[in-house]
Amino acid sequence: MLIIGCGNRERSDDGAGILVAERLRELGIEADTRIGEATDLIEAWNGADDVIVVDAVLTGAPVGTVQAWDGRQPLASVNATASTHGLGVAEAIKLAHVLNRLPTRLRVYGVEGRRFEPGAEISPEVQCGVEEVVRRIIADVSAPPKSGRPRPDNSAFLLSREDPRFIK
C-alpha cells in the first residue's frame, strides 16, 4: 500500500495531507509526501496497486470534515481551486484515467479546509480532521487482507446433493 499526503505546510490548512503523512511516519507507517501536482502524483503511484491520497479540499462542508472517495470514480464535488498545486489530485485522477495509469485501488481522503494563505497556522478543526484520517488509515492498514476476489458467477461452485463433494 502506498500512502501519499499532499499539500503545502506553509499554507495553513493546505498542509493537512502532509500532516497525515508525518503523523503516520511517527507511528511507524510508511507514507510519502508530495505537493500534489498532477503529473508528480501519477509518477508517484506508477506501478502501485493500492494507493491512498490525502489532501485538503473545499467542498462546502464544515471545516475539518473528512470525506473519502473511491479515486477510480470522478471527484466532481471537490473544488480544484482549493489546490495550491496547479493541477491537483482531482486533475491527476482524470489524467491518469485517460492515460490508463490509475492504480487498481485508489482511495482519496479530503479534509475540508478554510485557510490557505501563507504563514497562517492550521485550523484546529483541520487538525482534528487530520487525526481522524490517521485513525482511518491505521484501521485500513491493520485490517486483515480480504480473501480472494468475488467471482462474477458463483453458480459454478454450487453443489447438488447428488454430487459426491457435497458435505451432508
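By accessible area of protein heavy atoms, probe 1.4 Å, what ranking do ARG107, ARG135, ARG101 get, highest first? Mind dumping the intermediate values first?
Details: ARG107 30, ARG135 150, ARG101 80 Å².
Descending order: ARG135, ARG101, ARG107.
Please list ARG114, ARG105, ARG34 from largest to smallest accessible area, probe radius 1.4 Å, with all protein chains kept in place. If you can, show how the numbers build up before the last one.
Numbers: ARG114 120, ARG105 95, ARG34 70 Å².
Output order, biggest surface exposure first: ARG114, ARG105, ARG34.
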Area accessible to solvent at ARG136, 1.4 Å probe radius, in Å²: 90
Percent of accessible area on segment 1-79 owned by carbon and sulfur, 1.4 Å probe? 44
At q = 0.22, 0.24 Å⁻¹, what base-10 log of I(q)/I(0) does the Debye formula yield for segment 1-75 when every alpha carbon is treated as an equal point scatterer in vacuo? -1.10, -1.26
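Can you put SER12, SER142 in order of accessible area, largest first, using a 1.4 Å probe?
Working: SER12 5, SER142 85 Å².
So, going from the largest accessible area down, we get SER142, SER12.
The values are calculated or read from the model by the stated rules, or taken from the named source; none is laboratory data. Since we're looking at a predicted model, the values are computed, not measured. These accessible areas exclude ligands, DNA and RNA; they are computed on the full protein's heavy atoms, side chains included. Shrake-Rupley method; radii C 1.70, N 1.55, O 1.52, S 1.80 Å.
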